Amino acid sequence: MSEPSHPVPPTAPVPPPPGDAAAASPLEEAVAIERAQRLTDVITRLRRALRSSIRTDYPWESLPMAQVELLQTLAAAPMRVGELAARQRLAPNTVSGLVGKLLEAGFVDRQADPGDRRTARIALTEAGRTQLLDWRRAHERRLADALESLSPTDRDAVMNALPGLEHLARTLAGDTGAPDDRN
């Protein structure tokens, strides 16, 4: 595995596990914050680059990320707006607005909730499934091309980091169980 381009100095101590703040020295805290800042920066730049490049390479792809994330969530099963809001960690009125746009586009529809006829569940339509599949394929092609442009060492480093990144995503989501299936 290759060394990162900006490694943390080898003499820097490893921060203690979370919850052991009393044992963390100012240096350890500074190192932990620097790592978090660097990771935040890389994730932000990756998302921005992917979003920008996908629209350049595939101009038909104009669905906002928030709508794509709702489609990804609904791919597993229909949900009520409140459930979607909780899952996405968004305000219910924000999700209602996003759902309205997806309804207008024909990507979702409202279904009676079998558990409570007074409420509706939001479900993907066939057009929504097709849009989501097209979106995934375009992103997979774009990422595959980008990965192939890397040196074998860098490509291996990226792929070797995936299990840790998946675990980090589950930890941040408060889920210590099964892997996130929204991807």
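Give me the residue from the stretch 80-104 that is over 13 Å from Gln67 (Cα atoms) and basic (Lys, Arg) and, out of that set, most open to solvent (accessible area, probe 1.4 Å).
Out of the qualifying residues, it is Arg89.
Which of the residues belonging to the stretch 105-144 are among the hydrophobic types (A, V, I, L, M, F, W, C) and either surrounded by fewer than 13 Cβ atoms within 10 Å (Cβ to Cβ) or part of a strand (DSSP E or B) (or both)?
Correct list: Val108, Ala112, Ala120, Ile122, Ala123, Leu124, Leu133, Ala144.
What are the pairs, 6+ residues apart or on separate chains, where a residue within the stretch 43-69 that is open to solvent by less than 40 Å² (accessible area, probe 1.4 Å) has its Cβ under 8 Å from a residue that is modelled with pLDDT under 80 and among the basic types (Lys, Arg)?
Short answer, once both residue conditions are applied: Glu61/Arg55.
Output the residues belonging to the stretch 111-131 that are among the charged types (D, E, K, R) and within 9 Å of Pro78 (Cβ to Cβ).
Hits for the stretch 111-131 are Asp113, Arg121.
Condition test on Glu148, is it open to solvent by 50 Å² or more (accessible area, probe 1.4 Å), under 22 Å from Met65 (Cβ atoms) and either in a helix (DSSP H, G or I) or free of Cβ contacts under 8 Å to residues at least 60 places away in the same chain (or both)?
no
Of the residues Arg55, Arg117, Arg121, which single one is touching a Lys or Arg at 6+ places or on another chain (Cβ under 7 Å) and basic (Lys, Arg)? So that I can check it myself, show each step before the final result.
Working: Arg55 fails: touching a Lys or Arg at 6+ places or on another chain (Cβ under 7 Å); Arg117 fails: touching a Lys or Arg at 6+ places or on another chain (Cβ under 7 Å).
Residue meeting the stated conditions: Arg121.
So in the stretch 151-169, with the set limited to residues that are under 16 Å from Ala36 (Cα atoms) and open to solvent by less than 80 Å² (accessible area, probe 1.4 Å), which one is modelled with the lowest pLDDT?
So, considering only residues that are under 16 Å from Ala36 (Cα atoms) and open to solvent by less than 80 Å² (accessible area, probe 1.4 Å), the one modelled with the lowest pLDDT is Ala169.
The values are calculated or read from the model by the stated rules, or taken from the named source; none is laboratory data. Note that the structure is a prediction, hence the values are computed from the model and not measured. FYI the Cβ positions are ideal-geometry reconstructions off the backbone, even for glycines, and counts take in every protein chain you see. For the accessible areas, the whole protein counts, side chains as well, though only heavy atoms, and no ligand, DNA or RNA atoms are used. Shrake-Rupley method; radii C 1.70, N 1.55, O 1.52, S 1.80 Å.
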